[in-house]
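Read through the structure below, which is laid out as structure tokens, and then see the notes.
The values are calculated or read from the model by the stated rules, or taken from the named source; none is laboratory data. It should be emphasised that the depicted structure is a prediction, and the values quoted were computed from it without experimental measurement. Positions of Cβ are backbone-derived with ideal geometry, glycine not excepted, and every protein chain shown enters the neighbour counts.
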Amino acid sequence: MTTPEKIYLKDYTSPPFFIDQTDLTFDIKDDQTLVSSKLKIRKNMDAAGDSTPLVFNKGDFKIVSVVADGMILMAEEFEADDEFFKLAKTPDKFELEITNILKPQENTTLEGLYKSGNILCTQCEAQGFRKITPFPDRPDVMAVYSCTIIADKTKYPVLLSNGNLVKSGELDSNRHFVTWEDPFKKPGYLFALIAGDLAHIKDEFKTCSGKIVALKIYSEKENIDKCSHAMESLKQAMEWDEKRFGLEYDLNLYQIVAINDFNAGAMENKGLNIFNSKYVLADHQTATDEDFMNIQRVIGHEYFHNWTGNRVTLKNWFQLSLKEGLTVFRDQEFSSDLNSRSVQRILNVRYLRSLQFPEDAGPMTHPVRPEAYIKMDNFYTMTVYEKGAELVRMIHQLLGEKIFQKGMKLYFEKFDGMAVTIEDFVLTMQEASGLDLEQFKLWYSQSGTPGVKMARSFNH
């Protein structure tokens, strides 16, 4: 048995290759799915030399063909195993097309493309995109994506991916296709695909600039009558983010899919959020106030990721709290503004004390930004999310609402479309406020719960 490799923050290096454009095609059949990825690649001249090989992450699937700049490569001209795809030598800029076979019905890892009941869906965070196609599966490689899906019209009448729908049509043998384009750069972990027989409800939202955004929530047909509260929560989140943070939605369409057996809880894929049904469905006859508030919060949380996580993403996975802690703070403020701020704060602190405090006091204690990990999935913790949110709240408390919002505006102006770090966020708040926050950064690197001693005296 091999010893798991520990990955350290101090060892981070920039990617040797960038992907500017990723065009995907999924040809879905009963027994397999043929995936074709066309990549526009350029060498990162600051990190790669003439002899630097191209090494992509890869899952356990068969490669059918590899074409580089229009030339079909023979099997001996590339290397591929269950973990990596490698080209020994490449030009500085070139196009690469890889075709491979997936069997989603046999994928039990619940990462990449897999079958959930009769629905094909994806889960790519943190490192699932490599199980779809060979790719530099890291958050600091950001590309513009298109996705074409071809499938049987009866079995898979609904075909969804990120971005805006740009083309659709009928094919022979009762098959059809759709093409989606996302004009905003994103890392592979935000890619999403859904294929199935789903019902949907629809609405629209008029943004602060007057743009009309189409809203759709999909679910299994037996659940569609329970989606209305989620739709109302989505519109509330969009309006709140404009008013409180000045952030307008950027695509023409926003879609949510609720699946009974989705394993990841909820995932903020750009323009196509995928949820486990329990975070979307509410029966007005039986749901409690707490059920309605939780749906409102989770719908808001995933929507707020559109800017804090998607438009501005992570340089590496050690920065996970940069998107999750910041977005938890935003969803807490959303719930506070729409409901009782005092009650919401009590609920948040009770949650923190009951789940995060024990984590900080036990063998699993770790800082909000860890220095090392063996498996990234182990760091989706209360510390990264809830304690991370409290650190953002502390900055908000130190700066005040007006200066904090000045800092957030500056953060998006400086880093939109980029992969950044916690230091970038804190230093932006320092720049906006004029406060010295160098000492504050220690909160991100120290684990444990601070102890406070208090003595008091009084006169009768």
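Close Cβ contacts (under 8 Å, 6 or more residues apart or on different chains) running from residues in region 256-282 that are under 17 Å from ASN118 (Cβ atoms) and in contact (Cβ under 8 Å) with a residue 40 or more places away in the chain to residues that are in a loop (DSSP other than H, G, I, E, B) and of a type in the set (D, E, K, R) comprise ALA258/GLU220; ILE259/GLU220; ASN260/GLU220; SER277/GLU220. Residues in region 296-351 that are closer than 13 Å to SER233 by Cβ and either touching a strand residue (DSSP E or B) at 6+ places or on another chain (Cβ under 8 Å) or of a type outside the set (D, E, K, R) (or both): GLN296, VAL298, ILE299, GLY300, HIS301, GLU302, TYR303, PHE304, PHE334, SER335, LEU338, ASN339.
Within region 330-340, is there a residue that is at pLDDT 95 or above and closer than 21 Å to VAL420 by Cβ? Checked region 330-340: at least one residue is at pLDDT 95 or above and closer than 21 Å to VAL420 by Cβ.
With respect to (1) over 17 Å from the mean Cα position of the chain (by Cα); (2) modelled with pLDDT of 95 or more; (3) among the polar types (S, T, N, Q), the lone exception for THR286 is condition (2).
Within region 105-127, the set of residues being out of contact with any Cys (no Cβ under 9 Å at 6 or more places or on another chain) and either surrounded by fewer than 23 Cβ atoms within 10 Å (Cβ to Cβ) or without any contact (Cβ under 8 Å) to a residue 24 or more places away in the chain (or both) comprises GLN105, GLU106, ASN107, THR108, THR109, LEU110, SER116, GLY117, ASN118, ILE119, ALA126, GLN127.
Restricting attention to region 52-75, the residues that are surrounded by fewer than 19 Cβ atoms within 10 Å (Cβ to Cβ), out of contact with any Lys or Arg (no Cβ under 7 Å at 6 or more places or on another chain) and of a type outside the set (Val, Ile, Thr) total 9.
Residues satisfying the criterion are present in region 11-24 (criterion: under 24 Å from SER146 (Cα atoms), surrounded by 13 or more Cβ atoms within 10 Å (Cβ to Cβ) and touching an Asp or Glu at 6+ places or on another chain (Cβ under 8 Å)).
The residue pairs whose first member lies in region 66-79 and is over 14 Å from THR99 (Cα atoms), whose second member is among the small types (Gly, Ala, Ser) and exposed (fewer than 14 other Cβ atoms within 10 Å of the Cβ), and whose beta carbons are closer than 6 Å, counting only pairs six or more residues apart or on different chains, do not exist in this structure. Of the set (1) outside any loop (DSSP other than H, G, I, E, B); (2) touching a residue at least 60 places away in the same chain (Cβ under 8 Å), all apply to GLU413 but (2).
Being over 12 Å from ALA258 (Cα atoms) and touching a helix residue (DSSP H, G or I) at 6+ places or on another chain (Cβ under 8 Å) holds for only one residue in THR207, THR179, and it is THR207.
Every test in (1) free of Cβ contacts under 8 Å to residues at least 40 places away in the same chain; (2) within 23 Å of MET142 (Cα to Cα) is passed by MET418 save one, and that test is (1). With respect to being among the hydroxyl-bearing types (Ser, Thr, Tyr), closer than 30 Å to ILE194 by Cα and assigned by TED's automatic domain parsing to the domain that holds VAL144, THR52 falls outside the description. Residues considered: LEU120, LEU160. Of these, the only one that is touching a Pro at 6+ places or on another chain (Cβ under 7 Å), over 27 Å from VAL420 (Cβ atoms) and modelled with pLDDT of 95 or more is LEU120. Filtering LYS216, LYS211, LYS221, LYS206 for residues that are over 27 Å from GLY309 (Cα atoms), out of contact with any Pro (no Cβ under 6 Å at 6 or more places or on another chain) and not assigned by TED's automatic domain parsing to the domain that holds PHE135 leaves a single hit, LYS221. Are any residues in region 374-391 surrounded by 18 or more Cβ atoms within 10 Å (Cβ to Cβ) and not in a helix (DSSP H, G or I), and if so, which ones? Residue satisfying the conditions is THR381 alone.
Reported count of residues in region 221-249, each being in contact (Cβ under 8 Å) with a residue 60 or more places away in the chain, surrounded by 14 or more Cβ atoms within 10 Å (Cβ to Cβ) and not in a helix (DSSP H, G or I), is 1. Residues that are in contact with a Lys or Arg (Cβ under 8 Å, 6 or more places away or on another chain) and touching a residue at least 40 places away in the same chain (Cβ under 8 Å) within region 41-51 comprise ILE41, ARG42, LYS43, listed in sequence order. Among the residues of region 302-312, not a single one is among the hydrophobic types (A, V, I, L, M, F, W, C), out of contact with any helix residue (DSSP H, G or I) (no Cβ under 6 Å at 6 or more places or on another chain) and either farther than 21 Å from PRO139 by Cα or assigned by TED's automatic domain parsing to the domain that holds CYS147 (or both).
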